[in-house]
Amino acid sequence: MASPWGRALVAAEIGIGVAALAIAVALWRVPSHWSLGRLRVVEYGLVFTLALYVSWTQVYAFPGARFSADAIGDPYAIRLATDSMAIRWAVAIIGLSTLIPETFRRNSLLVASQVAIAMAITTLMAFTDVVYQQQPARVIALMGFWMTLAAPGAPRREARQHHGV
């Protein structure tokens, strides 16, 4: 039987998809309505929604309670779960840095805020979740590694724009 959180997650995914489709249609149909200020609000709304969604899936999908009894304490299982959480964040960060044209400063702030959220949630899970408590330094270091790989997406994007690539 599905849990209430699982049903809520599916409903949120559907809601995010419908909202994104509605925004896309509105942008295409009435382009003159969208001033820079309105586009900025839409952009920040999309960034916030994506960060909230990835945060929620991290907290919902990867708590130790979802591990099998055999996986608890298994460093490999902990690494796979941490890698999966980190890759979701890395894809979100790199995707937004690549697809949304921004100034270097604004893009760097968006990337830094998402990295901070990912690291905060991971640190909280590392010290409060029974499974991750067994290896908190490894969990935090692994997320930090992935965020170090994802964060330079902002400067690379700016460099490509500057050089016309």
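Points worth noting:
- In the stretch 97-118, the residues that are without any contact (Cβ under 8 Å) to a residue 40 or more places away in the chain reach residues that are surrounded by fewer than 14 Cβ atoms within 10 Å (Cβ to Cβ) and in a helix (DSSP H, G or I) with C-beta atoms within less than 9 angstrom, at least six apart or across chains, in these pairs: 115/148.
- Of the helices (runs of 4 or more DSSP H) lying entirely inside the stretch 1-102, those carrying at least 2 residues that are modelled with pLDDT of 85 or more and not assigned by TED's automatic domain parsing to the domain that holds residue 134 are 4-29.
- The lone exception for residue 10 - which of (1) within 18 Å of the chain's Cα centre (by Cα); (2) among the aliphatic types (A, V, I, L, M); (3) under 21 Å from residue 96 (Cβ atoms) it fails: (3)
- Condition met for residue 118 (out of contact with any Phe, Trp or Tyr (no Cβ under 7 Å at 6 or more places or on another chain), within 28 Å of residue 74 (Cβ to Cβ) and of a type in the set (Gly, Ala, Ser)): no
- Residue match in the stretch 30-40 (condition: buried (at least 16 other Cβ atoms within 10 Å of the Cβ) and not hydrophobic (A, V, I, L, M, F, W, C)): no
- The single condition among (1) part of a helix (DSSP H, G or I); (2) farther than 20 Å from residue 56 by Cα that residue 117 does not satisfy is (2).
- Residue that is modelled with the lowest pLDDT, among those in the stretch 121-165 that are under 17 Å from residue 55 (Cβ atoms) and among the polar types (S, T, N, Q): 128
The values are calculated or read from the model by the stated rules, or taken from the named source; none is laboratory data. The shown structure was predicted, so the numbers you read here are calculated from the model rather than taken from an experiment. Heads up, the Cβs are rebuilt from the backbone with ideal geometry, glycines too, and the neighbour counts pull from every protein chain shown.
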